[in-house]
Amino acid sequence: MSDKKYLFKRNNVWWVKLAVPLSLRNELGYDLRRSTGEKDLDKAIPVRDKIIEEFKTEFQIKKINADDKGIVLRGTEHMQKTDISDPQYFHKVVDCQYACPAHTNVPEYIRLIAQKKYDDAYMLNWESNVFPGILGRTCDRPCEPACRRGRTHDKPVAICRLKRVTYDYKNDIDPYLPEIPKVKNGKKIGLIGAGPASLTVARDLLPLGYEVTIFEKDNKPGGLMRTNIPSFRLPAEVLDEEVYRIIKMGADLKTNSYIDSLENIIDSFDAVFVGTGAPKGKDLEITGRKEASENIHIGIDWLTSIAFEHTKSIGKKVIVIGGGNTAMDCCRTAIRLGADDVKVTVRSPKSDMKASDWELEEAIDEGIPILDNTSPKEFLLDDKGKLKGMKFEKMEAQYTDGKRKLIPTGEEIIIECDDVLLAIGQDNAFPWIEKNIGIDFNEWDCPIVDKTTMQSSHPKVFFGGDAAWGPENIIWAVAHGHQAAISIDNFCSEIDLFDRPPPLTNLVSQKMGIHEWSYDNDISQEVRLEVPHADLKQALNDLKMEVELGFDEKLALDEAQRCLNCDMQTVFQEKLCIECDACVDICPTDCITFTTNDTEEKVREKLRVPALNLDQDLYVSGKLVTGRVMIKDEDMCVHCGLCAERCPTGAWDIQKNNYIEAHNLNKDKVKTKEVA
Amino acid sequence: MSYFKPINKHPNLEKNKLGLTRRDYEGGVSTLCAGCGHDSISACIIEACFRLNIEAYKVAKLSGIGCSSKAPAYFLNASHGFNSVHGRMPSIATGANCANEDLLYLGVSGDGDSASIGIGQFIHAIRRQVNMVYFVENNGTYGLTKGQFSATNDLESKNKYGEDNLFPPIDLTSMAIQMGASYVARSFSGDRDQLVPLIMGAIQHKGFALLDIISPCVTFNNHDSSTKSYDYIRNHNEAMGKTDFVPLGEEIKTNYDEGSSVEVKLHDGSRLSLEKTDHNFDPTDAGNSLDLIRKKNKEGKIITGLLYVDNKCKPLTEIMDLPDKPLNTLEQDELCPGSEILEVINNDLS
Ligand SMILES: Cc1cc2nc3c(=O)[nH]c(=O)nc-3n(C[C@H](O)[C@H](O)[C@H](O)COP(=O)(O)OP(=O)(O)OC[C@H]3O[C@@H](n4cnc5c(N)ncnc54)[C@H](O)[C@@H]3O)c2cc1C
Ligand SMILES: Cc1ncc(C[n+]2csc(CCOP(=O)(O)OP(=O)(O)O)c2C)c(N)n1
Ligand code: SF4
Ligand code: SF4
Ligand code: SF4
Ligand SMILES: [Mg+2]
């Protein structure tokens, strides 16, 4: 994982958090945040270091000046009135939706679940993330660590598993699918690879009348979702339903069609999308690798051969090398194939492992030991030249200035094994793209792709998913697919690619009458509910048996109540406020303060509870009658609506913020909206 | 739709010396109209008790009848309480104060409760120097009975329906100073920075402390022709400079220029530091205070702040030389004089 220290992402650009040590804060104040101007994390990291260095110097100079003159330096500008007409302002308050790469409207679908409107809840998901049933089982769920509930209570809402509920409980949703025009628009688009990225592009373009052809080297569509995600996590029926739903919308799927030359097909299409993933598993070139190759397998290739039922067994003793999710899938699959001694080894300490917490937990629950700080040295062979074990060296992690170094300790261990699975990463590979057709590659052989438009240096060729910047996950592949579809549509309509449709938003008051609001504001104090699991013994004997059973209806409805409705926005109108403080007193989490305006730093310090979470914005009103301003710290708001309920003049209102990230399915809606 | 305040609180909420947060001093959900000044006063009482590290079980909340008199239900859930009949809270407070000196008495009343039906009781509680904080939540109207004029409503202030007020107002602060109240302040429910330290000072003061707090009734007396509306008070409020409450053993944090502040020492050694304004005002001189109030009334200004303080007064229990211990803790040997003394008394009678 890249080093994100002091970095956070806002409006798709990386920012640096800067803070002065506490001891000097009173004297100098602190600079809150500064943009790196970079969308790419790898580029943002060096910029971050530069900004921090500059800041240190600037800070030293300020300090010396201040010491000399005995003056106190602080920022001079007062906070600006918050512009709530900027769709991003309230979007950011919906922590989960903001964190979701496809900006799924989470609180709305959770409310629909609470009303048992499973079809609607499913469709809302389908529009933005395309694969609710698949993602509800496998998503990397960046929404959950972002969820407000993790700050106000203990654990986040089980957003991902509630998504699964929409799939599990829906009825036939075919009637709600978009209509596909019979008369086509005459543009032909070629998609290479049938993974989630390409499928999303197809889903977005088909309703607009494009003729879409998908080339897939395997005999079935789905990409890594089919070949690598084991069916005990993602059953084939779920995958098939959601993947073929898109094919049935009218895509021309050509399976067993490996593209070996881009040049050969490029002229047959108006635009080409490359969604071929990062198909090359990394190898481990150490002593004995060649000699023992019969029993050493590249994890992702091995999982693929199991998915296609070419491999049906493995040795009794298996070592899995690697600390990511692939390693977790490999070890759990090995156990199900009949291995009885499976160990995972990883170079780093357990706390630094790349695997998601829940995937790691599942592996541990299935009784698989994780040996951390264990670095592979050598494959060991017996007299007949067959693999018999591996030599490792124990490592020790040392941290200096927040940077980790793994130091060899000299202690060696030997582990016996029959087979080894390598799960140490994936690379992109494009042997089939000719170097002279206008697609530029960087020094690591990755194509140069624009972060906004997904366009390569060849105007007709677009990239997305793992093929663009290396392995990520399904939801990022979907998000890329949406953006690429917008670009392809613009490109084919001769519209500037940067002239992109804005997101759809509107704010609608939820007041229904006196003491009547249209949403359930009661705050459940329940702890996060666990998803029931299948019987472990049975599950371990069956490669295809789904381990997680999903929430039953009762659990789903209870879990749905935990959501804090973060899209129910508190909207303030200073003209109506009589400064009676009713909202200040009723607010359970002390979000609201009436005070004099000042610099952000000073304001953050003088609120009823100082606003220390710099990732969360302050909502600042215009000047009130007394000359003060209203400041609301969005950080801890539980969206109970009581500020509006207690306000005698209606200066506070609760308005539902319906934010829909632009994608081609709502293209027409976006246009009408603009006219209206 | 729920209008109960959720139990969630900000994880970084400040704690006082007892380890309690402000929220631990709350009461039930208010049933007063949204925006009522009385709710703001409750919040200031909560804040003051929180900051003074008061243990709620050592407080008694007393009140009469009125919206204001309902307010004690909305703060300090864990305290004692007595809701008396209309205007009779001062007698209850007097009795309770004699029976148990150890509790902190917070009397909450309204302008109707104190300036009309209960005015006789009010005056005698002052005269007797009952050791209590007496809040008048003054809105110029009988809120609870739907907006009749009260005795503190200004002559020129019409009611909500445009009817004229025929009688001049009673000024409770001057009356209290004349009757011997030893701590008299006026404030505004919408000015917390001023009100909280004044409440803290009143709590630490020993003797009768009156807080006459203008507290707009949003429902019946917040119209354009009212002189007790939020807007009118904000436009006519003449606050007497900043008041700071300085707990015992702490240094004054705000820095006024030399000679620009007056300090008042309270009974327990804590202090009130008052920023001086151009009134050249000495809050310990009753004549001076009465003059200032009269002068500002004439100018059509509402003077707010600490108006008068006598920190040398003797409270009721000292005047009457009552036992230091609460009566209910006195043991038999303290209560029963014994047969020898009984004999002396009996002989006296014969
Ligand atoms: C073991 C494992 C487990 C994972 N688990 C999860 C998970 O739980 N959750 C999650 O979100 N993500 C998971 N991922 C990551 C996720 O699967 C990928 O990020 C995602 O599938 C990428 O989608 P994509 O469309 O870019 O490419 P892919 O899914 O890789 O699809 C690419 C497709 O292109 C085809 N192709 C490649 N080259 C050619 C060519 N020249 N001609 C024709 N076809 C070609 C391939 O056959 C493949 O079908 C996992 C990955 C692995 C390896
Ligand atoms: C003996 C008696 N007389 C009259 C009433 C009717 N009454 C109830 S409240 C009230 C006036 C309250 O006014 P105030 O004390 O100013 O309180 P507010 O509601 O304005 O806060 C009156 C006259 C009563 N309850 N009891
Ligand atoms: S509480 Fe609900 S709306 Fe808020 S961040 Fe969590 S899931 Fe999203
Ligand atoms: S909705 Fe209003 S009262 Fe409720 S937590 Fe948010 S700001 Fe506070
Ligand atoms: S009627 Fe007036 S005094 Fe009574 S609760 Fe309503 S606003 Fe407050
Ligand atoms: Mg009244």
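Specify whether the C-alpha gyration tensor of the protein assembly as shown places it in the rounded, prolate or oblate class, a ≥ b ≥ c being the square roots of the eigenvalues: rounded for a/c under 1.5, otherwise prolate if a/b is larger than b/c and oblate if not. Prolate shape, in that a/c is at least 1.5 and a/b is the bigger ratio. Does anything in the range A:378-414 have its amide N under 12 Å from the 7 Å Cα→Cβ label point of A:R289, and if so which residues? Counting backbone N atoms under 12 Å from the label point, the list is A:378-379.
In the complete set of protein chains, residue-level accessible area for A:I368 is approximately 10 Å², probe 1.4 angstrom. According to the square roots a ≥ b ≥ c of the eigenvalues of the Cα gyration tensor, what is the shape class of the range A:435-586, taking rounded for a/c under 1.5, prolate for a/b larger than b/c otherwise, and oblate for the remainder? The shape class here is oblate.
Rounded, prolate or oblate: which fits the range A:282-426 when a ≥ b ≥ c are the square roots of the eigenvalues of the alpha-carbon gyration tensor, with rounded for a/c under 1.5 and prolate only if a/b beats b/c? Note, shape of the range A:282-426 comes out oblate. Full extension of the chain segment joining A:K9 with A:E443 gains 153.7 nm, where the gain is 0.36 nm per residue of separation less the Cα-Cα distance. In the protein assembly as shown, taking the dipole from charged Cβ atoms about the Cα centre, the farthest positive-side position among A:S375, A:T596, A:I45 is held by A:T596. If you sort A:F131, B:F4 by accessible surface, 1.4 Å probe, largest first, the order is B:F4, A:F131.
Translational diffusion coefficient, Stokes-Einstein: compute it for the range B:87-144 using the Kirkwood radius over C-alpha pairs as Rh, at 10 °C and 1.306 mPa s, and state it as an integer in µm² s⁻¹. Calculated translational D: 138 µm²/s. Return a whole-number percent for the relative contact order of chain A, with Cα pairs under 8 Å and 6 or more residues apart as the contact set. The normalised contact order for chain A reaches 15 percent. Residues whose amide H comes within less than 5 Å of that of A:L371, counting only those at least five positions distant or on another chain, are A:V344, A:T345, A:V346 (H built at 1.01 Å from N in the peptide plane).
A simple spin-label model places pseudo-atoms 7 Å from Cα toward Cβ; at A:D522 and B:I345 they are separated by 6.1 nm. Computed 3J(HN,Hα) for the range B:175-191, one whole-Hz value per residue from the Karplus formula 6.51 cos²θ - 1.76 cosθ + 1.60 where θ = phi - 60°, is 4, 5, 4, 5, 7, x, 4, 9, 8, 10, 9, 10, 8, 9, 4, x, 10, glycine and proline marked x. Computed from backbone phi, the HN-Hα couplings of the range B:43-50 come to 4, 6, 5, 4, 4, 5, 5, 4 Hz, rounded to whole numbers (Karplus: 6.51 cos²θ - 1.76 cosθ + 1.60, θ = phi - 60°; Gly and Pro given as x).
Taking every protein chain into account, the 1.4 Å probe leaves A:H663 with about 10 Å² of accessible area, to the nearest ten.
Working value for the range A:197-254: equivalent-ellipsoid semi-axes of 22, 12, 9 Å, each the square root of 5 times a Cα gyration tensor eigenvalue, largest first. Heavy-atom accessible area, probed at 1.4 angstrom with all protein chains present, ranks A:V13, A:V272 as A:V13, A:V272, highest first.
Axis of helix A:159-169 versus longest Cα principal axis of chain A: the two differ by about 70°, to the nearest ten degrees. With the alpha-carbon atoms of the range B:22-319 aligned to their principal axes, the span from lowest to highest coordinate is 53, 43, 37 Å, starting with the largest.
In the protein assembly as shown, the DSSP beta bridges split such that about 55 percent are antiparallel, to the nearest 5. Give the separation of the Cα centroids, the range A:453-510 to the range A:363-435, in Å. Rounded to whole Å, the Cα centres lie 38 Å apart. The distance from the alpha carbon centre of the range A:545-624 to that of the range A:225-291 is 43 Å, rounded to a whole number. Evaluated with a Cβ-only charge set (Lys, Arg +1; Asp, Glu -1), the range A:68-182 carries a dipole of roughly 460 debye about its Cα centre, given to the nearest 20. Across chain B, Cα pairs under 8 Å and at least six residues apart give a relative contact order of 16 percent.
Counting pairs of alpha carbon atoms under 8 Å apart in space and at least six apart in sequence, what relative contact order in percent does the range A:351-504 give? Don't skip to the end; give the middle numbers.
On the way: 178 pairs, mean separation 17.3, N = 154.
Result for the range A:351-504 is 11 percent.
Can you pull the accessible area of A:T287 for me, 1.4 Å probe, Å² to the nearest 10? That residue has around 90 Å² of solvent-accessible surface. Remark: the B:H124-B:C336 segment gains 73.2 nm on full extension, using 0.36 nm per residue and subtracting the alpha carbon distance. Stretched out straight at 0.36 nm per residue, the stretch from A:E605 to A:Y258 would grow longer than its current Cα-Cα span by 118.9 nm. At what distance in angstrom do the alpha carbon centres of the range B:298-324 and the range A:147-217 lie from each other? Measuring centre to centre over Cα atoms gives 74 Å.
The values are calculated or read from the model by the stated rules, or taken from the named source; none is laboratory data. Remember, it's a predicted structure, so these values are computed and weren't measured experimentally. Cβ: placed from backbone, ideal geometry, glycine included. Neighbour counts: every protein chain shown. SASA here: full protein model, heavy atoms, side chains in, ligands and nucleic acids out. Shrake-Rupley method; radii C 1.70, N 1.55, O 1.52, S 1.80 Å.
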